[in-house]
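Peer 1: Have a look at the structure that comes next, please.
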Amino acid sequence: MKALRVAALALAAGLAAPGAAATDLRLLSAGAVELGLTPALAVFERESGHVVRVEFAAAPALAGRFQAPPGYDAVIAPPAVLNTLVRAGVVGSERVGVGKVGIGVAVRPGVAGPDIGSVEALKQSLLGADSVAFNRASTGLYVEKLIVQLGVADAVNAKATRHPDGASVMKHLLASNRPNEFGLGAITEIVLFKEQGLKLVGPLPSAVQNYTSYLASAAAPPGADAARDSAAAALLRFLDSPRARRIFADVGIEAATP
């Protein structure tokens, strides 16, 4: 019902109403959805006339960044981050699902991918690696729990390389020279570095796979600029549309509900 109310508001604003004033919107987003968000925003801009200036950040930094001047018109973040922003009164309770992203394993060019075909194979690969890289954001927080669950936390933490966000993990892998090293990160972030040679070995085994959901919400309370509020509502409506979902699905971002 919340998504329907957002859609109704945006429909009234007119996503591509002839003669509607173009608005520059500022969007803050988690980096894991960049691969699908960039082409989706290109469609939105072309059809609405609005311009979306998007910035990406790791999930733990989103709440602080969103509240810092000069501010943003909308945010895409995991539910826990949105809950924090709702409590702070800076975003509305209305939210739409953008998608969910699983965790994959990556290696740099020339490195053989580890065996991750089963939970036991993943465990042995973690133990046998020279180094394992992962972030301190949503993916990394899950990996911390996973290695405890697998009983390899002490061994992995002793040789782990931690980075603030997924992109830093991928850059580390590409620059590293360790012969038996792999990284864990959001599958979409791994694919972002494909053209630079980074290889997606595959997703984690289904029994231990974890998905992070990403939802979109607009800034609150409504400001003095009604046109800006309407444009932000139109953006949320588009992100919740079948067309946007197809774009996200094409790059591996699965459907998520608020």
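Nothing in this text is a laboratory measurement; each read-out follows from the coordinates by a stated rule. None of the values given here were measured: they were computed from a predicted structure. Counting neighbours? That spans all protein chains shown, and the Cβs are built from the backbone with ideal geometry, glycine included.
Peer 1: Kirkwood Rh and Cα-based Rg: tell me the resulting Rg over Rh for the chain, rounded to two decimals.
Peer 2: My calculation puts Rg/Rh at 1.02.
Peer 1: Out of residues 5 or more away from residue 215 or on other chains, whose amide H comes under 5 Å of its own, with H placed 1.01 Å from N in the peptide plane?
Peer 2: Answer set, sorted by chain and number: 77, 98.
Peer 1: Take the Cβ-Cβ distance between residue 220 and residue 250 as r, set R0 to 25 Å, and report the resulting FRET efficiency rounded to the nearest 0.05.
Peer 2: With R0 = 25 Å, the Cβ-Cβ based efficiency is 0.20.
Peer 1: Against the longest alpha carbon principal axis of the chain, how many degrees, from 0 to 90 and to the nearest 10, is the axis of helix 138-149 turned?
Peer 2: Taking the Cα atoms of the chain, the angle to 138-149 is about 40 degrees.
Peer 1: While we're looking at this one, here's another question. Quick one: net charge of residue 170's neighbours, Cβ under 13 Å, K/R +1, D/E -1?
Peer 2: Neighbour charge sum, excluding residue 170 itself: -1.
Peer 1: Pairing the Cα long axis of helix 119-128 with the longest principal axis of the chain, what angle in degrees results, from 0 to 90 and rounded to the nearest 10?
Peer 2: It works out to around 70 degrees.
Peer 1: For the peptides 30-40, 113-123, what is the packing order when you average, over each peptide's residues, the other Cβ atoms within 10 Å and list the highest mean first?
Peer 2: 30-40, 113-123
Peer 1: While we're on this one: Per-residue HN-Hα couplings for region 31-38, Karplus 6.51 cos²θ - 1.76 cosθ + 1.60 at θ = phi - 60°, whole Hz, x for Gly and Pro?
Peer 2: Each residue of region 31-38 in turn: x, 5, 9, 4, 4, x, 5, 4 Hz.
Peer 1: Okay, next question. How large is ³J(HN,Hα) for each residue in region 107-118, as worked out from phi by the Karplus curve 6.51 cos²θ - 1.76 cosθ + 1.60 (θ = phi - 60°), to whole Hz, x for Gly and Pro?
Peer 2: Calculated HN-Hα couplings, in order: 9, 7, x, x, 9, 5, x, x, 6, 10, x, 8 Hz.
Peer 1: Something else: Residue by residue through region 198-214, what is 3J(HN,Hα) from phi via Karplus (6.51 cos²θ - 1.76 cosθ + 1.60, θ = phi - 60°)? Round to whole Hz and write x for glycine and proline.
Peer 2: Rounded to whole hertz, the list is 5, 10, 7, 5, x, x, 4, x, 4, 5, 10, 5, 9, 10, 9, 8, 10.
Peer 1: Now a separate question. Scan around residue 202 for amide H atoms under 5 Å from its own, H built in the peptide plane at 1.01 Å from N, and keep only partners 5 or more places away or cross-chain.
Peer 2: 105
Peer 1: Same structure again: Residue 133's amide H: which non-local residues (gap 5+, or another chain) put their own amide H closer than 5 Å, with H modeled 1.01 Å from N in plane and none for Pro or chain starts?
Peer 2: 161, 182, 183, 184
Peer 1: Let me ask something additional. For 65, 46, what ranking results if the residue with the fewest other Cβ atoms within 10 Å of its Cβ goes first?
Peer 2: Neighbour counts put them in this order, fewest first: 46, 65.
Peer 1: Let me ask something else. Order of 204, 235 from fewest to most other C-beta atoms within 10 Å?
Peer 2: Sorted ascending by nearby Cβ count, the order is 204, 235.
Peer 1: To continue, here is another question. Mind checking which of 232, 42, 129 has the largest fluctuation in a GNM of the chain, springs on alpha carbons under 10 Å?
Peer 2: Of the options given, 42 has the highest mean-square fluctuation.
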